[in-house]
1. Could you check region 235-262 and list, in sequence order, the residues that are open to solvent by 60 Å² or more (accessible area, probe 1.4 Å) and under 25 Å from the mean Cα position of the chain (by Cα)?
2. Please go through region 204-234 and give me each residue that is under 21 Å from the mean Cα position of the chain (by Cα), without any contact (Cβ under 8 Å) to a residue 40 or more places away in the chain and open to solvent by 10 Å² or more (accessible area, probe 1.4 Å), ordered by number.
3. Counting only residues that are acidic (Asp, Glu) and within 28 Å of Tyr169 (Cα to Cα), how many does region 90-146 have?
4. Which ones in region 173-191 are in a helix (DSSP H, G or I) and in contact (Cβ under 8 Å) with a residue 40 or more places away in the chain?
5. When you go through (1) more than 16 Å from the ligand (Cβ to nearest atom); (2) exposed (fewer than 14 other Cβ atoms within 10 Å of the Cβ); (3) farther than 19 Å from Ala331 by Cα one by one for Glu193, which number turns out not to apply?
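The values are calculated or read from the model by the stated rules, or taken from the named source; none is laboratory data. All of these numbers come straight from a predicted model, not from anything done at the bench. No Cβ is skipped: glycine too gets one built from the backbone with ideal geometry, and neighbour counts run over all protein chains shown. With ligands, DNA and RNA removed, areas are computed over all heavy atoms of the protein, side chains included. Shrake-Rupley method; radii C 1.70, N 1.55, O 1.52, S 1.80 Å.
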Amino acid sequence: MNILVINCGSSSLKFQLIDSESEQVSAKGLCERIGITGSRLVYQKAGGEKQITESPMPDHKKAIQMVIDALTDQESGVVSSLSLIGCVGHRIVHGGERFASSVVLDDQVIAAIETCSTLAPLHNPANLTGIRACRELMPDTPMVAVFDTAFHQTMPEEAWLYGIPYEYYEKYGIRRYGFHGTSHSYVSKRAAEVMGKKSSELKLIVCHLGNGASVSAVKYGQSVDTSMGLTPLEGLIMGTRSGDLDAAIIELIAHREGRTLEEVMEILNKESGVLGLSGGLSSDFRDLEDAYCENVPQGVRAVRAFVYRVAKYIGAYTAAMNGVDGICFTAGLGENSALIRSLICDYLGYLGVQLDQEQNKKRGQDTIISTPDSKTAVLVIPTNEELAIAREAAALLQK
Ligand code: ADP
């Protein structure tokens, strides 16, 4: 079955068409600047060149129409008609407590996703716009929602509670939810396969290190803790997000800098993290690694602080699970940066971690990067959230 996987943001839409049997991507692309000037579709058929079509996209419906037109185009398309797309899988950021797994979309589910929008006011409404546009244009195609939060719904209460009056959880659902769940789930399953074991017998720590970054503790196949919280702001120091901090800082910045609460939140989300720490040098780790290697102080401090925070979470999750069998690195930085992996592993002597420096140089493939006698295994597992969504969709429709 051909499954169209859609990840819809407020002004962008990423898509992949995946064959659920072969698990190959037949085409993929991106609509940019939806609803603003200069909108364009970037489309690429498997093995083909990127094609760029500049055309006004006043809304998501027009964007999805352009995606459908490209996929069914006689020359550059990959399916002869819309009816050959068997299912659409939508990535949804927040499923609250309502969704602990993926679901087939219907009116009730859409209404429930709407109620979760208070928890993710930037993301869920954009995801819903994509769902509505697809339903209008493909009314007969089944659709599935896959939630970033769902995998972490197995966390025990002590891991998801904040130390604030309990009534705020009861009244507003203020608790830790966690994100990147599709990736943490996919990577932990794959790591078990690579280690030749069952997930049900392993304690794993997954480090999803991209622009947004999170760590999770996956015990016997279930998430028992993760570093992001109510929103994706908590946890690690990220590209531009602060991660964990003392809440009193918010008031202090607002007072001293004469900023509103909204402005301070913008600073914590968009101007902080390694970008802020490096004095604005870069949020991109390729630049920061160069700066680190050249001993540029701004780069050195940003990289050190980032690495330390990851190592600290690994320690915390080892304690939470009373041990760890494997530590997995994934996402842009986790998959590609031998330096960052090595600096993190420098903290893990107490786990008997020994890196194989040659294996650590590899990229883009499932690899055990620790030596055979390392007490704890360390792995690189490239994530594939789109494939995970397509698998979820196919499995749900087969039920
Ligand atoms: P997101 O999906 O959250 O936007 P990605 O998973 O694509 O993020 O990761 C982006 C990050 O990965 C960037 O900071 C980028 O610099 C880093 N990255 C990508 N390739 C490399 C590389 N070869 N070396 C170091 N960092 C890299």
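1. Correct list: Arg241, Leu245, Asp246, Ala247, Glu262.
2. Gly212, Gly221, Leu233 - these are the residues of region 204-234 that are under 21 Å from the mean Cα position of the chain (by Cα), without any contact (Cβ under 8 Å) to a residue 40 or more places away in the chain and open to solvent by 10 Å² or more (accessible area, probe 1.4 Å).
3. Looking only at region 90-146, we keep the residues that are acidic (Asp, Glu), and these are 97, 106-107, 114, 136, 140.
After this cut, where a residue has to be within 28 Å of Tyr169 (Cα to Cα) as well, the list is 97, 106-107, 114.
The total comes to 4.
4. Gly181, Thr182, Ser183, His184, Ser185, Tyr186, Val187, Ser188, Arg190, Ala191
5. Condition (3) is where Glu193 drops out.
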